[in-house]
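Peer 1: Got a structure for you, written out below as structure tokens; questions coming shortly.
The values are calculated or read from the model by the stated rules, or taken from the named source; none is laboratory data. Keep in mind that this is a model prediction, so the values were computed, not measured. For neighbour counting, all protein chains shown are included, and Cβ atoms are generated from backbone atoms with ideal geometry for every residue, glycine included. In case anyone asks, the SASA skips ligands and DNA or RNA and just uses the protein heavy atoms, side chains included. Shrake-Rupley method; radii C 1.70, N 1.55, O 1.52, S 1.80 Å.
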Amino acid sequence: MRRFLQRLLTKPVINLANKLSSRPDKKRVDKALSELYQNITTNPGNRGLVVPFDLHNGKFIILSDQHKGARDGMDIFAKANKNYLAALDHYEREKFFYINLGDSEELWENLFITVKKHNKATFEREKLFLKRKAFIKIFGNHDLYWDNDPLAPISLMQIYGQRLKIYEGVILQTLVHNEMLSIYLTHGHQGDLQSDGNWFSKWFVSDIWGPFQAYLRINPNTPANNDQLKTDHNRIMYQWSAKRAKTLLITGHTHQPVFRSLTHLEKLYDELETAKKANSTETINDLQKQIANRHAKGDTVTDFTAYRPTYFNSGCCCFDDGDITGIEIENGSIRLIKWQYNNTGESERLVLEESKLEDLRL
């Protein structure tokens with residue numbers, strides 16, 4: 001029956017998905033991001049929180065897009081589970097504040113009870129941060145359930161053992177050179193009518209549209225799995241952030257890490273040019289291998305020209321080789337980090353990029 005419906009409905013479903021949006025629209029994104037930012041700053045505690053921190057003592061880890069599933073063939077988190085647990089163990093030991101930036105649970109393809117059953121260890125690790133009052137959970141488009149289902153508070157109580165309010169965003173604030181720096185964090189699906197419209201559209205997508213797509217196993221273009229949409233979406237997010245003074249924007253959603261408004265791939269190309277000028281054959285060969293690997297994983301060159309270092313993207317915790325990426329803020333620095341499996345299968349942390357917040361020219 002499923003195959004028959006796939007043949008019959010694939011084309012109309014994809015056409016409908018495109019009409020519902022799933023294509024980034026600059027005006028829509030600008031409006032949604034600006035309205036959420038305004039809501040958080042004028043009415044903190046409603047749609048989001050304002051969290052002040054000391055530049056040199058604050059410690060935050062930002063991870064997104066786990067898409068925790070049912071440990072079946074469609075569970076894209078399964079390979080990354082061990083790295084995610086190792087990362088949380090590390091950040092708990094080091095007493096980081098954990099901001100989960102959305103799409104943590106894959107609730108388009110799965111019922112909550114299924115995700116709960118197969119991800120007990122991850123919820124137990126997250127509870128440790130909550131017990132320290134060092135945990136903020138933000139919803140994304142694949143876990144809209146947390147924002148619009150009347151049973152969501154009960155479900156959260158079941159997995160975390162206490163009440164937990166879910167937010168759409170958070171603004172971290174600190175003083176840099178005696179001026180206020182705001183770091184605005186949200187999932188990044190804002191402005192997509194398919195997942196950021198009114199209450200009815202949110203309910204329709206999370207409770208009807210998403211499960212329908214999952215049953216048919218039809219995967220229409222979304223930023224997470226389409227290279228061009230990744231590029232377009234990141235560019236629009238960058239353009240919003242570049243217009244704001246003393247403000248950084250950190251999102252997830254696209255599964256494509258971005259640091260100082262450059263993707264990791266773009267940074268590698270910059271380093272390759274420098275290595276070529278220095279005639280460093282060993283460095284050139286190493287960078288070319290890394291570039292080929294990024295291309296193989298679907299990265300594209302966004303080509304932000306005359307960029308300002310205002311936009312960051314945490315990437316995801318569900319790469320197909322089990323890697324996870326995230327953003328650290330610690331000791332006045334911001335870092336793009338990766339957790340990967342080493343040659344013995346153990347998890348290890350790598351710093352991909354790092355910059356002092358004081359050095360960002362905003």
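Peer 1: Could you pull out every residue, at least 5 positions away or on a different chain, whose amide H is within less than 5 Å of the one on Gly102? Hs are placed 1.01 Å off N in the peptide plane, and Pro or chain starts have none.
Peer 2: Asp65, Ile138
Peer 1: Could you check how much of the accessible area of the range 39-172 is carbon and sulfur, as a whole percent, using a 1.4 Å probe?
Peer 2: 54
Peer 1: May I ask you to derive the FRET efficiency for Asp89 and Ile154 from their Cβ-Cβ distance with R0 = 30 Å, giving the value to the nearest 0.05?
Peer 2: After rounding to 0.05, the efficiency reads 0.60.
Peer 1: So how far apart, in nm, are the two label points at Ser34 and Lys127 if each is 7 Å from Cα heading toward Cβ?
Peer 2: 4.4
Peer 1: How much length, in nm to one decimal, is gained on full extension between Arg308 and Leu175, taken as 0.36 nm per residue of separation minus their Cα-Cα distance?
Peer 2: 45.9 nm
Peer 1: Using a 10 Å cut-off on Cβ atoms, rank the peptides 130-143, 31-44 from the highest mean neighbour count down.
Peer 2: Final packing ranking: 130-143, 31-44.
Peer 1: With a 1.4 Å probe and all protein chains left in place, how much accessible area per residue does the range 316-362 have, in Å²?
Peer 2: 43
Peer 1: First measure r as the distance between the Cβ atoms of Gln162 and Lys243, then evaluate 1/(1 + (r/R0)^6) with R0 = 41 Å and state the FRET efficiency to the nearest 0.05.
Peer 2: 0.55
Peer 1: With a ≥ b ≥ c the root eigenvalues of the C-alpha gyration tensor of the range 58-205, is it rounded (a/c under 1.5), prolate (a/b larger than b/c) or oblate?
Peer 2: In terms of gyration-tensor shape, oblate.
Peer 1: If you roll a 1.4 Å probe over the heavy atoms of the protein chains, what accessible area per residue do you get for the range 26-178, in Å²?
Peer 2: On a per-residue basis, 44 Å².
Peer 1: In addition: Compute the label zone of Asp25 within the range 128-145: residues whose backbone N is under 13 Å from the point 7 Å along Cα-to-Cβ.
Peer 2: Answer for this model: none.
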